[in-house]
Structures are given as structure tokens and as C-alpha cells.
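J.: Let me begin by handing over the structure; questions about it come next.
Quick note: the coordinates plus some simple rules give every number you see, no bench work behind them. Being a predicted model, the structure only gives us computed values, none of them experimental. Counting neighbours? That spans all protein chains shown, and the Cβs are built from the backbone with ideal geometry, glycine included.
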Amino acid sequence: MVELQVISWSFIYFGGEKMTLNLESMIKAAAKKTKADLVIKNGRIIDVFNLEIIEADIAINDGMIIGLGIYEGHEVVDANGAFICPGLIDGHVHMESSMIHPHHFTRTILEHGVTTIVTDPHEIANVSGTAGIQFMLDATEKAPVDVFFMLPSCVPATSFEHNGATIQAEDLTPFYEHDRVIGLAEVMDFPAVRDGNAAMLAKLAQAFKNNKKIDGHGAGLAPEDINIYASANIKTDHECVSAQEAKERLKRGMYVMMREGTVAKDVRALIPLVNERNARRFLFCTDDKHLDDLVNEGSIDHNVRISIQEGLDPLLAIQIATLNAAECFSLTDRGAVAPGYRADLLFIEDLENFTIRDVYKNGLKTGGKGPLSPIPVSNLLQNSVNMKPIDKDDLKISVRTDQPCNMIEIIPNSLVTKHIKETVTTNKGEFIPSIDNDQLKLAVIERHKWLGHIGLGIVKGFQIKNGAIASTVAHDSHNIVTVGTSDEDMLVAVKAMEQINGGLVVVCEERVVASLPLEISGLMANMTTENTLSSLKELHDALHLIGSQNSFNPFVALSFLSLPVIPELKLTDTGLFDVKKFEHIPIQAL
């Protein structure tokens with residue numbers, strides 16, 4: 001007898017006799033010649049095809065829906081009038097941003113009704129290369145939700161910074177053989193696409209040859225630029241921040257992912273564009289979301305709730321969160337409550353508030369976390385802070401008082417920053433942070449290969465009064481990034497990064513007052529969700545000691561200040577980077 005085989009896109013096939021027997025049993029149950037394994041009665045089914053609510057039994061065999069109507073089952077579940085919709089799908093997420101082990105991450109989102117995700121492991125790939133990708137695949141092999149992968153397309157993200165690895169098309173080749181690899185992840189190096197960079201073209205051609213999907217990253221791109229993306233077979237974008245940007249992508253046949261993460265919150269800005277004529281080209285994603293926000297707000301269920309609050313028809317919101325995402329990625333066995341679809345189901349008590357009562361995965365009710373089978377973490381991933389020693393001289397910024405400086409101004413709860421010019425306070429020709437003017441020192445320190453690169457800058461908007469914070473979560477190269485009111489506090493924070501092998505720290509009066517070790521590539525904690533949440537609370541409490549406000553999360557804001565593909569001004573380990581010009585600029589304005 002041939003064994004069960006799982007192949008691409010999670011379709012389950014059976015070989016030889018076993019396939020015949022399975023098909024025969026499912027057809028018999030669908031035809032009511034035998035009882036179904038499970039029948040769910042008294043539910044109000046969300047029909048995502050017709051956008052209607054129907055009342056019927058749901059018959060399930062071998063984790064698949066085999067009929068709607070009136071059925072008998074070996075097991076019967078009474079839905080007690082609950083609405084029943086398909087399991088939710090996150091179209092684009094970086095699991096590393098949760099800062100917990102992937103298995104813990106998937107357990108957390110399952111509680112919020114997410115049964116399938118499409119993930120891009122480019123965070124860990126930028127630190128640990130292909131070993132990081134393999135770890136993420138291995139860590140999700142027995143995850144409670146289905147995890148599909150888009151392979152990182154830009155490692156490094158740009159050539160203007162130093163990360164831990166370089167991944168070329170030939171490095172990706174073996175991964176395309178994996179059952180759960182379905183495409184090439186967000187292509188964020190637009191100039192490489194526009195200019196026909198050979199390495200980028202090789203990756204695009206490779207994905208096309210393998211009949212895989214390609215995700216985009218069109219932050220700030222003009223309509224003419226989107227033409228180039230679409231011509232390169234890039235079919236999605238999750239970087240729209242306005243309805244007009246989204247419409248330009250729709251015109252060019254792209255899918256628009258409406259993102260609601262920890263920093264980038266775009267659903268409210270985009271929902272007014274959605275209507276029944278164009279809704280099928282929208283789906284939801286979280287992109288980057290921290291653990292505390294996942295636990296307190298939710299995942300894609302939060303996107304759905306916001307959409308309904310903004311006036312979208314609940315059935316349309318559910319269609320976007322399920323069927324649309326499934327069809328976008330050709331996951332044709334999920335996304336609907338219908339025969340031939342996977343029995344990933346949510347029981348919803350209150351449709352307007354999208355209150356989830358029960359979650360079923362493959363026809364089985366979830367609940368209780370059970371034991372975790374640990375995935376071994378290699379020393380390469382656990383020893384990722386490899387930096388040259390630094391001292392106060394390395395943090396000096398020489399500027400003049402009579403001329404303005406190029407400065408980063410953060411926008412709370414946004415990935416986008418402002419490029420401003422202001423005069424600063426100096427002492428003997430060196431920049432001195434000013435609490436009154438909210439001008440602090442910012443540093444990005446290379447931590448992968450002992451290269452010794454240190455990028456320095458001035459940032460406005462953190463409102464820190466006394467101390468420093470530092471992190472190895474610094475998109476996308478994930479060097480050490482620190483901001484502070486004094487060189488002494490910043491140095492203490494940086495040295496703490498070495499001691500804990502990466503993570504987050506808060507320093508006050510030259511003393512570490514809170515920390516969260518992230519041993520896995522400096523990105524994820526190797527401990528339980530509960531313990532990680534506890535450490536995060538200690539960090540947030542410690543932020544008050546240094547004067548941080550509650551209006552935004554400074555660690556999240558800090559983590560995106562080194563991302564040189566999001567406008568306007570960022571800081572890499574090689575200096576200030578003007579994203580519009582796509583070049584480095586000096587601190588002193590000319």
C-alpha cells in the first residue's frame with residue numbers, strides 16, 4: 001500500500017489503492033450512502049462565493065468538507081446558531097517580528113482564527129542565511145496552522161548596508177523543491193528590477209520557471225514604476241498607504257494586501273476604496289506584528305474587525321480574509337465552507353464584532369496547547385552578535401552649530417520618517433543630544449562579521465529624557481541599533497547586546513534596567529510565549545524610567561530606522577541614507 005504523500009500547496013493525495021479507497025469513502029459519504037465522520041448542525045454558514053448566509057449541515061470526512069445539506073455523522077456538533085466562516089489567511093507575515101519561536105507563534109495566531117499563513121523568512125535570512133530559512137521550515141513542519149513560504153528575494157535588502165549573508169538564485173534552488181515553498185517574497189529592491197540587475201533577474205526568472213508566485217514591495221513607487229513591477233510578474237503589494245496608491249495597483253492587475261501590523265496600520269486608509277466591484281483583488285496581512293499586539297489585538301481577525309467598524313459589509317470582509325487570500329496564492333483547497341475545501345472553520349458568535357467562539361483545523365476542534373516538541377537551534381543561530389569593540393570616540397559626531405544638520409524625524413506608528421534640517425547643540429565641535437529640542441543620537445553598529453562599521457545620525461521624536469535603548473531587531477539587516485541621551489548610556493546598551501547574544505535592552509543612568517534576550521539570530525526568544533510576554537512588560541515598564549511616552553512603542557520605531565527602502569531618511573551601518581535619492585548623505589546639511 002502506498003503511503004500518504006503531502007505535496008505542493010497542501011493538497012493531500014493518495015497513491016494507488018489508498019487513493020481509490022479514500023475517494024470512494026468521501027464520495028459515499030457525500031452521496032449519503034455512509035455516515036460522514038463529522039456533521040456540524042445549526043450553524044449559519046458564510047457563503048463567501050455569493051456573499052450570503054445559508055443554513056445547512058456541514059459534512060466532513062478526513063478533514064475535508066464533503067457536503068452541505070442534511071447529513072448524518074458518526075459525530076455531531078451543534079453550532080447553536082453560530083455563524084460559520086472559513087479559517088482566516090494571513091497573506092504576508094514575518095514570524096520573526098513576533099520575537100517568539102515559530103511554533104509558539106502559530107499557536108498564538110490559531111487562537112485568533114488564523115489557520116493558514118504565507119510567510120517570508122527574510123529577517124532571519126539576513127542574519128543567518130540559508131541556515132535561517134531551513135530553521136524556519138523545520139520549526140513549522142508540525143505547526144498547528146499551515147505555513148507556506150515565499151523565499152527571500154533581497155538578502156541583503158540593498159547594497160548600502162552590511163548584513164549577515166548574501167543569498168543568490170542558486171542558493172534558493174533547493175528550497176523550491178520543498179512542499180510548502182510557493183514563491184519569491186517581497187521584491188523590495190526596485191532599482192535592481194528597473195535597471196535589470198542580473199542577480200535580481202535570475203531570481204525573478206527562477207520563480208517564473210518554477211511556476212511560483214512573486215510578491216512586491218512598492219513603497220512610495222509612482223504608477224510608472226508599478227508598470228515595471230507588474231511587467232516582471234510581480235502580482236502583489238502590501239505597502240499601499242493611501243487609497244490612490246491602491247487604485248493604481250488595481251489598475252495594473254495587482255493584488256493589494258491591506259496591512260495592519262504593529263507600526264504600519266493601513267486598513268483604515270484603504271477600506272474606503274473597497275467595494276463589491278473590486279473587492280476580489282484585496283486581501284489582508286499583518287507583515288510585522290509584535291507578540292503583545294498579537295495577543296491583545298489579534299491577527300487577521302483584527303483586520304476584519306477594523307474593516308467592519310469602518311463600514312465594510314462583514315461578509316465582504318470575511319471574503320477578503322479567506323477566499324481572496326487563498327486564490328491569490330493558488331491555495332485552492334481552502335478559503336471557503338464548501339465541498340472539496342479543507343475543514344478549517346470558525347464559529348463566530350457576533351458577526352459585527354467578529355467574536356470567535358471556536359476554531360476547527362482540518363475538522364478538529366482546537367484548544368489546549370499540549371507539549372511543545374523543541375526544534376534544535378544551531379550554534380550559528382545562537383551566536384549572532386559578532387562585532388568589533390567600540391568606545392566613546394566611535395560615537396562622536398562632528399558638526400557645526402551655524403549650519404543645520406540632516407535629521408531623521410520619526411512619525412509615531414508609521415514606517416515612514418521625515419527628512420528634516422535643524423541646527424543642533426555642540427560642544428567643541430561635537431553634537432550634544434538635546435532633551436529640550438528632542439534631538440538624540442542614533443547609531444547603527446554592524447554585528448555580523450566583525451567589520452567595524454558604525455553609522456551615526458541624529459533623530460527627533462523619541463522623547464527619551466534620560467538613558468538609552470538598543471536592539472538587534474533592526475530591519476532588514478538587523479545590526480545593532482541604539483538611541484540615547486548620552487554616549488555612556490548607549491555604550492552600556494551596546495555591550496549588553498553582546499552579553500545576551502542579541503535582544504532588546506533599556507539603560508538608565510548607565511545601568512541595564514530591563515532586557516529581553518533573543519537568542520535565535522538576535523530576533524526570537526527561545527522561551528515560552530508567557531515568559532516572553534512577561535519580559536516585554538518589564539521592558540515597557542522600564543521605558544517610563546527614561547521618560548518614554550505611551551503614544552507609540554519606541555522599540556518598534558527604532559527597529560525600522562535602519563530600513564533603507566522606506567522613505568524618507570534612514571540610517572544604516574554606513575551612514576545616513578536618503579531613500580528618495582537612494583544614496584548616502586552627510587549629517588551636516590550642505
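J.: Expressed in nm to one decimal, what extension gain is obtained for the pair LYS251 and HIS74 from 0.36 nm per residue of sequence separation less their Cα-Cα distance? Before the final figure, lay out each step's value.
T.: Values: separation 177, 0.36 × 177 = 63.72 nm, distance 4.98 nm.
Computed gain between LYS251 and HIS74 is 58.7 nm.
J.: Using the Cα centre as the reference, give the magnitude of the dipole from point charges on the C-beta atoms of the chain (Lys, Arg: +1; Asp, Glu: -1; all else neutral), rounded to the nearest 20 debye. Don't skip to the end; give the middle numbers.
T.: Working: 52 positive and 78 negative charges, 149 e Å.
Computed charge dipole of the chain: roughly 720 debye.
J.: Taking LYS203 as the anchor, which aspartates and glutamates have their alpha carbon closer than 14 Å to its alpha carbon, excluding any fewer than eight residues away along the same chain?
T.: GLU170, ASP171, GLU186, ASP189, ASP215
J.: Using amide H atoms built 1.01 Å from N in the peptide plane, name the residues 5+ places from PHE354, or on other chains, whose amide H lies under 5 Å from its own.
T.: Placed amide hydrogens put nothing under 5 Å from PHE354.
J.: Among HIS478, CYS508, PRO564, which residue has its Cα furthest toward the positive end of the charge dipole of region 380-584, with +1 on Lys/Arg Cβ and -1 on Asp/Glu Cβ?
T.: Ranked along the dipole, the leading option is PRO564.
J.: Let me ask you something else. At 7 Å along the Cα-to-beta-carbon direction for both ASN466 and ASP393, put a label point, then send me their distance in nm to one decimal.
T.: The two pseudo-label positions are separated by 3.1 nm.
J.: Please report, in debye to the nearest 20, how large the charge dipole of region 186-329 is about its Cα centre when each Lys and Arg carries +1 at its beta carbon and each Asp and Glu carries -1 there.
T.: 620
J.: Taking a point 7 angstrom from the Cα of PHE208 along the C-beta vector, which residues in region 159-198 have backbone N less than 15 Å away?
T.: 184, 193-198
J.: Can you list the aspartates and glutamates whose alpha carbon is less than 13 Å from that of LYS460, not counting same-chain residues fewer than 8 positions off?
T.: Cα-Cα hits under 13 Å: GLU409, GLU422, ASP436, ASP438.
J.: While we're looking at this one, here's another question. So, counting K/R as plus one and D/E as minus one, what does the shell of residues with Cβ under 14 Å around ASN553 add up to? Numbers along the way, then the final one.
T.: Numbers: positive: LYS265, LYS289, LYS537; negative: ASP288, ASP292, ASP293, GLU297, ASP541.
In short, -2.
J.: Among the DSSP beta bridges whose two residues both lie in the chain, what percent are antiparallel, rounded to the nearest 5? It would help to have the intermediate numbers written out before the result.
T.: Details: 71 of 103 bridges.
The antiparallel proportion sits near 70 percent.
J.: Magnitude of the Cβ-charge dipole of region 85-367, K/R +1 and D/E -1, about the Cα centre, nearest 20 debye? Display every interim value, and only then the final one.
T.: Working: 26 positive and 41 negative charges, 158 e Å.
Approximately 760 debye in magnitude.
J.: Now a separate question. Provide the net charge surrounding ASN80, with neighbours chosen by a C-beta distance below 15 Å and charges set as Lys +1, Arg +1, Asp -1, Glu -1. Walk me through the numbers on the way to the answer.
T.: Working: positive: LYS41, ARG44, ARG357, LYS365; negative: GLU55, ASP57, ASP78, GLU349, ASP350, ASP358.
Computed value for this residue: -2.
J.: Angle check, please: helix 122-139 long axis (alpha carbons) against the longest principal axis of the chain (alpha carbons), in degrees 0 to 90, nearest 10.
T.: 30
J.: For region 380-584, divide the Cα radius of gyration by the Kirkwood radius and give the resulting Rg/Rh value with two decimals. Write down the numbers at each step before the final one.
T.: On the way: Rg = 15.8 Å, Rh = 16.8 Å.
Ratio of gyration radius to Kirkwood radius for region 380-584: 0.94.
J.: Now for a separate question. Working out 0.36 nm times the residue gap between ALA131 and LEU380, then minus their Cα-Cα distance, what length gain in nm do you get to one decimal? Mind showing how you got there, number by number?
T.: Numbers: separation 249, 0.36 × 249 = 89.64 nm, distance 0.83 nm.
That works out to 88.8 nm of additional length.
J.: Quick one: angle between helix 487-499 and the longest Cα principal axis of the chain, in degrees between 0 and 90, rounded to 10, please.
T.: On a 0 to 90 degree scale, this one is about 40.
J.: Then there is this: Towards the positive end of the charge dipole of region 165-229, with charges on Cβ (+1 Lys, Arg; -1 Asp, Glu), say which of ALA202, LEU221, ALA165 has the farthest Cα.
T.: Projecting each Cα onto the dipole axis, the largest value belongs to ALA202.
J.: OK, next. How large is the Rg to Rh ratio of the chain when both quantities use alpha carbon positions and Rh follows Kirkwood?
T.: Here Rg/Rh amounts to 1.00.
J.: Oh, and also: Beta carbons within 10 angstrom, averaged per residue: use that to sort the peptides 495-504, 320-329, highest first.
T.: Details: 495-504: 20.2, 320-329: 25.2.
Averaged packing, sorted descending, gives the order 320-329, 495-504.
J.: Loop-only trypsin sites (Lys or Arg not before Pro) in region 188-273, please: DSSP not H, G, I, E or B, and at most 11 other Cβ atoms within 10 Å. Present the calculation step by step, with values, prior to reporting the outcome.
T.: Numbers: sites: ARG194, LYS203, LYS209, LYS212, LYS213, LYS235, LYS247, ARG249, LYS251, ARG252, ARG259, LYS265, ARG268; in loops: LYS212, LYS235, ARG252.
Answer in residue order: no site qualifies.
J.: Pulled fully out, how much extra length does the chain show between GLU422 and HIS178, if you take 0.36 nm times their separation in residues and subtract their Cα-Cα distance? Before the final figure, lay out the partial values.
T.: Details: separation 244, 0.36 × 244 = 87.84 nm, distance 5.19 nm.
So the chain would gain 82.6 nm between GLU422 and HIS178.
J.: Compute the label zone of ARG194 within region 248-291: residues whose backbone N is under 14 Å from the point 7 Å along Cα-to-Cβ.
T.: Correct set: none at all.
J.: Cβ neighbours within 10 Å, averaged per peptide: list 530-542, 304-316, 425-437 in order, most packed at the top. Could you put the intermediate results ahead of the total?
T.: Working: 530-542: 16.2, 304-316: 19.2, 425-437: 13.8.
Ranking, from highest mean packing down: 304-316, 530-542, 425-437.
J.: Let me ask something else about it. My understanding is that a pair violates if its Cα-Cα distance is over 27 Å; which of LYS465/LYS580; LYS495/LYS581; LYS392/LYS421; LYS289/LYS537 do that in this structure? Kindly include the intermediate steps, with their values, before the conclusion.
T.: Numbers: LYS465/LYS580 31 Å; LYS495/LYS581 34 Å; LYS392/LYS421 25 Å; LYS289/LYS537 16 Å.
From the list (LYS465/LYS580; LYS495/LYS581; LYS392/LYS421; LYS289/LYS537), the Cα-Cα distance tops 27 Å for LYS465/LYS580; LYS495/LYS581.
J.: Counting Lys and Arg as +1 and Asp and Glu as -1, what is the net charge of the other residues whose Cβ lies under 13 Å from the Cβ of ARG447?
T.: Taking every Cβ under 13 Å from that of ARG447, the sum is -1.
J.: In addition: Which residues does the label zone of ASN42 cover in region 75-101, counting backbone N under 19 Å from a point 7 Å along Cα→Cβ?
T.: 75-85
J.: Hey, what do the phi angles of region 403-410 turn into as Karplus ³J(HN,Hα) couplings, whole Hz, using 6.51/-1.76/1.60 and θ = phi - 60°, x for Gly and Pro?
T.: 10, x, 10, 5, 9, 8, 10, 6
J.: Let's test the formula: R0 of 56 Å, r as the Cβ-Cβ distance of GLU509 and LEU364. What FRET efficiency results, to the nearest 0.05? Don't skip to the answer; put the middle values down first.
T.: Numbers: r = 53 Å, r/R0 = 0.95.
With a Förster radius of 56 Å, E is 0.55.
J.: Compute the helix-to-body angle for 198-209: its Cα long axis versus the longest principal axis of the chain, expressed 0 to 90° and rounded to tens.
T.: So the inclination is approximately 10 degrees.
J.: Let me ask another. Just going by the charge dipole of the chain, with Lys and Arg at +1 and Asp and Glu at -1 on Cβ, which of ASN437, TYR71, MET407 is farthest out on the positive end?
T.: Most positive-ward Cα: TYR71.
J.: With the cut-off at 1.5 for a/c, could you classify region 105-255 from its C-alpha gyration tensor as rounded, prolate or oblate? Walk me through the intermediate numbers first.
T.: Details: a/c = 1.76, a/b = 1.24, b/c = 1.42.
Judged from the Cα gyration tensor, region 105-255 comes out oblate (a/c at least 1.5, b/c at or above a/b).
J.: Running Debye on region 251-317 with equal point scatterers at the Cα sites and no solvent, what base-10 log of I(q)/I(0) appears at q = 0.26, 0.28 Å⁻¹?
T.: Once normalised to I(0) and log-transformed, intensities are -1.18, -1.30.
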